[in-house]
Amino acid sequence: MTDPLFAQTTCEVVRVALPVPIDSLFSYAVPNELAADALPGHRVLVPFSGRRLTGVVVERSTSASPRETAGPEHNRLGEERAALATLEQVLDSEPVLSLALMNLLREAAEDALCPVGLALATALPAGSAPSLIRDLALLPRGCEALRSGAVQGAARELLAALDRGPVDEADLRRRLPGAAALLETLVSDGLVRRGSRLRGPRARVKTERVARLRADLDVEHTCLTELARAPKQAALLRRLAELGTLATHEIGLRTAATPAQLRALVERRMVEINQREVPRNVLGPAVERDQAPTLSAEQSAALEPICCCIRERRPQRFLLHGVTGSGKTEVYLRAVAEALAAGRQALVLVPEITLTHQIVARLRARFGDELAVLHSGLRPGERLEQWQRLRTGDTPIAVGARSALFAPLEKLGVIVIDEEHDSAYKNDEGFRYHARGLAERRAALAGCPVILGSATPALETRHRAENGEIKRLVLQRRIAGRPLPAVEIVDLTAERRRQPRGHKLILSKSLRRAMQQTLAEGGQSILFLNRRGFSTQVFCFDCGFAERCPACDVALVYHAADQRLRCHYCDFGKPPPEHCGGCGQPDTALLGTGTQRLEEEVRARFPQARLARLDRDTAQRRGHVESVLGGLRRNEIDILMGTQMVAKGHDFPGVRLVGVISADLGLHMPDFRAAERTFQLLTQVAGRAGRAAAPGRVVLQSFVPDHYAIRPVVQHDYEVFYHEEIGHRATLGYPPFGRLTQVMVSGEDQEQTHKAAEALAASARAQAAGSACEILGPAPAPLPRLRGRYRFQLLAKGTDSQAVRHASHHLNAAARRLGPGIQAVVDVDPINML
């Protein structure tokens, strides 16, 4: 006889991916009234561990698989086959993720060791799903206590705040910060109830109220009969018949009518009031359309195989390796045109938001405004509007930063990844995907080519091209035969010997002379410094004490704009001290050079020049980046000073000089990619000079002018650097000759955290014994303390990909079993080693 506890009732079951750190799908029973809508790709609201969450339906069947978690409730014997919880609500009328994209994300999540629910959530517009908020409400006993005066003081104030209706608990705690303990007492005494309710999505499409005539209305007959004694209403009705659908806020401007007359027509059911979507303009002012230029022979040769793959719907990976100014963007535009001509869509990715403005302008000039922009710089509602434009299938081009890779494009004809070497394409938190690899997978599914463009390709990409995995297309010359800029390297060690003792050297003699000459000739200059802030640190010459962040093991940086020392990691801030914090002496000094200090130096030496600064501090002001880059393009700025955001991808015809203040600043970082990043950055920033008819010039200031990552920049010789660096990688077994997985263990107690990291490493070593994978560490991280947490890292490293993969899975499983207060983040194929 079957135990009724395990009796199985056949029902419709969905398996849902939830945004929780558990790598599993969760099974829920589907009520009959929701059965038609609870389909894969739809978002649903489900109960989970005492709360309600929004998830995505991944699979549907008629019974729960024993491999999946059967809802959050379990039976009393601890069996997996528990009574299923019931799905509560279907949130979408159409799928928000296609089956193809959902399957792709599931595979990528498995490779990245990321719970599938977190991966799927990453692919959806932020804030587009309803959220659950915890609220507080008065119970009858609470109302009675408030009315009778039985409670006084803070308790009465708290009850009075709830008297007008339920209040968001988080909002109440912010308004009454000292009421936390009192609140718990009121809840336990039965005066206040704690509950929850759904709040609509944060991201909403902008709408407006519009008025239009009833569809079957005979206007003239109505005006002559029902409105014969209401001539003003009749006049408004006739005017609406002429104008068609009209926004209600425009009626007063376009007619002589009053709101009361409009309401009268609505009450007579002659006019209907509806809502219509009015997407916000995120593209900017209109752009003048351009004419496609004649391609160079190199461009034509590169474009031909790409277009062939687009027409044949054949997946193929291309590396478009072209020097700066060689016309890679024009090749992208022609490939997009080919895809559109074939009735397909195009996806164009750039590494940073600042670069979207330029590529969007080029795309609009060629194809008009039928494109959508997706990046995190948009407000949630704006991003949702752009996403929905693509989802309808009416907008053929998507452009944006890394996350635009998840755009809902069902007819992809080409994918472009500009500046493919950039580390920004790797997501460093949550779902740790690399956009390059995911784009290659998406292109293979769509049957289309993917173009990886760069003047300085990632070593892994260049090596894959050498091995035949990627077809390499080369653009060796700048457009119109323009020469690459002449590069001069200034030896800062020798330069400093010639300076008076104690003199702070920021601009060398060669760079100052070049800047003066460029100004005299009416040209523009870019000064590049890969560091923010006014100076590096506050330092005492007597005892050597430096002001540091109390929560992070890094020096504080002085920012002149707000006259504060700030931490660039946790944003801790404090005023500069009047005396040394170590010995009490008053003689501290600002050392180092930041963008603000550089600006002060340039302003003192070139008072007549028009200056601008662009770094992460100034870029936080909405619209500032576009304003500065537009001013440079319009020749309204003589000298632009900035960090990495001025180094990449921009095309400014008036820029004749590029100065690099400290070329070797990142060269000695504890990262095996330090030399590669230095060469790429210097080559990229040097490429901003001389992109028009006038020749360009570059001055690099360095303490190690003969380093193999710096010297090849003089000849713009990627191949010389590549062959030197690839040899070092082969000797040490670093990518592309080996695989890496990084584990970062952190906790507030240093000793406890170190022991946890050691236990994790010992467990991994035992698992990897005898394989071609070694476990390195644990060792203090390059930033050993960050935001109040001590950090230790260990690496799984080896030439056998499968062995490293097995070790990574073991580390990921073991990391979940660490003690309370200890966190471990597993990063497969890490890009950021700090």
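Of everything listed in (1) touching a residue at least 40 places away in the same chain (Cβ under 8 Å); (2) surrounded by 17 or more Cβ atoms within 10 Å (Cβ to Cβ), the single unmet condition for residue 240 is (1). The residue list 679, 652, 672 contains one member that is open to solvent by less than 10 Å² (accessible area, probe 1.4 Å), more than 22 Å from residue 508 (Cα to Cα) and among the hydrophobic types (A, V, I, L, M, F, W, C), which is 652. Suppose the filter is in contact (Cβ under 8 Å) with a residue 40 or more places away in the chain, hydrophobic (A, V, I, L, M, F, W, C), in a helix (DSSP H, G or I) and open to solvent by less than 20 Å² (accessible area, probe 1.4 Å); does residue 764 pass it? Here the answer is yes, as residue 764 does meet what is asked.
When the residues of the range 499-514 are filtered to those that are touching a helix residue (DSSP H, G or I) at 6+ places or on another chain (Cβ under 8 Å) and part of a helix (DSSP H, G or I), the one that is surrounded by the fewest Cβ atoms within 10 Å (Cβ to Cβ) is 509. Figure legend. Inter-residue proximity from the range 327-341: first residues closer than 15 Å to residue 371 by Cβ and of a type in the set (Gly, Ala, Ser), second residues in a helix (DSSP H, G or I) and open to solvent by less than 40 Å² (accessible area, probe 1.4 Å), beta-carbon distance below 8 Å, spacing 6+ or different chains. Indicated pairs: 335/303; 335/306; 335/307; 335/310; 337/366; 339/310. Filtering the range 244-265 to residues that are within 12 Å of residue 210 (Cα to Cα), open to solvent by less than 50 Å² (accessible area, probe 1.4 Å) and not in a loop (DSSP other than H, G, I, E, B) leaves 246, 247, 248, 251, 262.
Can you find a residue that is buried (at least 17 other Cβ atoms within 10 Å of the Cβ), of a type in the set (Lys, Arg) and in contact with a Pro (Cβ under 9 Å, 6 or more places away or on another chain) anywhere in the range 334-352? Yes, the range 334-352 has at least one match. Pairs meeting the criteria (first residue in the range 217-228 and touching a residue at least 24 places away in the same chain (Cβ under 8 Å) and open to solvent by less than 90 Å² (accessible area, probe 1.4 Å), second residue not in a helix (DSSP H, G or I) and not acidic (Asp, Glu), beta carbons under 7 Å, at least 6 apart or on different chains) are 217/270; 222/270.
Entry remark, the range 296-323: residues being out of contact with any helix residue (DSSP H, G or I) (no Cβ under 7 Å at 6 or more places or on another chain) and either open to solvent by less than 10 Å² (accessible area, probe 1.4 Å) or on the phi > 0 side of the Ramachandran plot (or both) number 2 in total.
I'd like to check something: does the range 779-790 contain any residue that is at negative phi, outside any strand (DSSP E or B) and either open to solvent by 10 Å² or more (accessible area, probe 1.4 Å) or not polar (S, T, N, Q) (or both)?
Restricting attention to the range 779-790, the residues satisfying the condition of being at negative phi are 779-786, 789-790.
Restricting the remaining residues to those that are outside any strand (DSSP E or B) gives none.
The answer is no; no qualifying residue exists.
Of all the listed residues (496, 482), the sole one being within 30 Å of residue 300 (Cβ to Cβ) and open to solvent by 50 Å² or more (accessible area, probe 1.4 Å) is 482. Of everything listed in (1) basic (Lys, Arg); (2) open to solvent by 20 Å² or more (accessible area, probe 1.4 Å); (3) under 28 Å from residue 326 (Cα atoms); (4) modelled with pLDDT under 95, the single unmet condition for residue 471 is (4).
From the residues in the range 681-713 that are among the β-branched types (Val, Ile, Thr) and touching an Asp or Glu at 6+ places or on another chain (Cβ under 8 Å), which one is modelled with the lowest pLDDT? Before you say what the answer is, go through the steps one by one.
First, pick out the residues of the range 681-713 that are among the β-branched types (Val, Ile, Thr): 683, 685, 698-699, 704, 710, 713.
Restricting the remaining residues to those that are touching an Asp or Glu at 6+ places or on another chain (Cβ under 8 Å) gives 698-699, 704, 710.
Values: 698: 94, 699: 95, 704: 88, 710: 94.
It comes out as 704.
The set of residues in the range 182-216 being open to solvent by 30 Å² or more (accessible area, probe 1.4 Å), assigned to a strand (DSSP E or B) and either touching a Lys or Arg at 6+ places or on another chain (Cβ under 9 Å) or not charged (D, E, K, R) (or both) consists of 194, 196, 197, 198, 207, 208, 209, 213.
When you look at residue 701, is it open to solvent by less than 10 Å² (accessible area, probe 1.4 Å), closer than 26 Å to residue 493 by Cα, touching a residue at least 24 places away in the same chain (Cβ under 8 Å) and in contact with a strand residue (DSSP E or B) (Cβ under 8 Å, 6 or more places away or on another chain), yes or no? Yes.
Annotation for the range 808-816: at least one member residue is open to solvent by 40 Å² or more (accessible area, probe 1.4 Å), in contact (Cβ under 8 Å) with a residue 24 or more places away in the chain and farther than 30 Å from residue 668 by Cβ.
What is the residue count in the range 439-453 for residues that are open to solvent by 10 Å² or more (accessible area, probe 1.4 Å) and assigned to a helix (DSSP H, G or I)?
Of all residues in the range 439-453, those open to solvent by 10 Å² or more (accessible area, probe 1.4 Å) come to 440-442, 444-447.
Then drop every residue that is not assigned to a helix (DSSP H, G or I), which leaves 440-442, 444-446.
Of the residues in the range 439-453, 6 are open to solvent by 10 Å² or more (accessible area, probe 1.4 Å) and assigned to a helix (DSSP H, G or I).
Restricting the first member to the range 590-618 and to residues that are closer than 12 Å to residue 557 by Cα and in a helix (DSSP H, G or I), and the second to residues that are charged (D, E, K, R) and at pLDDT below 90, the beta-carbon pairs closer than 6 Å and six or more apart or on different chains are 595/532; 595/613; 595/615.
Answer yes or no as to whether residue 569 is over 23 Å from the mean Cα position of the chain (by Cα) and either at pLDDT below 75 or open to solvent by less than 30 Å² (accessible area, probe 1.4 Å) (or both). Taking the combined requirement at face value, the residue does not satisfy it. In the set (1) in contact with an Asp or Glu (Cβ under 8 Å, 6 or more places away or on another chain); (2) under 22 Å from residue 98 (Cα atoms); (3) open to solvent by 30 Å² or more (accessible area, probe 1.4 Å); (4) part of a helix (DSSP H, G or I), residue 366 fails one condition alone, (2).
When you check residue 348 against the structure, is it part of a strand (DSSP E or B) and within 28 Å of residue 484 (Cβ to Cβ), yes or no? Considered against the rule, which asks whether it is part of a strand (DSSP E or B) and within 28 Å of residue 484 (Cβ to Cβ), residue 348 comes out as yes.
Of the residues making up the range 410-437, those that are of a type in the set (A, V, I, L, M) and open to solvent by 10 Å² or more (accessible area, probe 1.4 Å) number 1.
Can you find a residue in the range 68-85 that is among the small types (Gly, Ala, Ser), more than 30 Å from residue 435 (Cα to Cα) and either at pLDDT 95 or above or surrounded by fewer than 17 Cβ atoms within 10 Å (Cβ to Cβ) (or both)? The answer is yes, given that some residue of the range 68-85 is among the small types (Gly, Ala, Ser), more than 30 Å from residue 435 (Cα to Cα) and either at pLDDT 95 or above or surrounded by fewer than 17 Cβ atoms within 10 Å (Cβ to Cβ) (or both). Take the residues in the range 688-723 that are part of a loop (DSSP other than H, G, I, E, B) and touching a helix residue (DSSP H, G or I) at 6+ places or on another chain (Cβ under 6 Å); name whichever of them is nearest to residue 518 (Cα to Cα). Only one residue fits best here, namely 703. Across the range 257-288, the number of residues qualifying as hydrophobic (A, V, I, L, M, F, W, C), in contact (Cβ under 8 Å) with a residue 24 or more places away in the chain and farther than 19 Å from residue 222 by Cα comes to 4.
Residue by residue, here is whether (1) modelled with pLDDT of 85 or more; (2) part of a loop (DSSP other than H, G, I, E, B); (3) closer than 30 Å to residue 434 by Cβ holds:
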{"residue": "92", "(1), (2), (3)": "yes, yes, yes"}
{"residue": "100", "(1), (2), (3)": "yes, no, yes"}
{"residue": "104", "(1), (2), (3)": "yes, no, yes"}
{"residue": "109", "(1), (2), (3)": "yes, no, yes"}
{"residue": "113", "(1), (2), (3)": "yes, yes, yes"}
{"residue": "119", "(1), (2), (3)": "yes, no, yes"}
{"residue": "141", "(1), (2), (3)": "yes, no, no"}
{"residue": "147", "(1), (2), (3)": "yes, no, no"}
{"residue": "178", "(1), (2), (3)": "no, yes, no"}
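The values are calculated or read from the model by the stated rules, or taken from the named source; none is laboratory data. Since this is a predicted model, take the numbers as computed values, not measurements. When we count neighbours, we look across all protein chains shown, and the Cβ atoms used for this are built from the backbone with ideal geometry, even at glycine. Heads up: the accessible areas ignore ligands, DNA and RNA and are worked out on the full protein's heavy atoms, side chains in. Shrake-Rupley method; radii C 1.70, N 1.55, O 1.52, S 1.80 Å.
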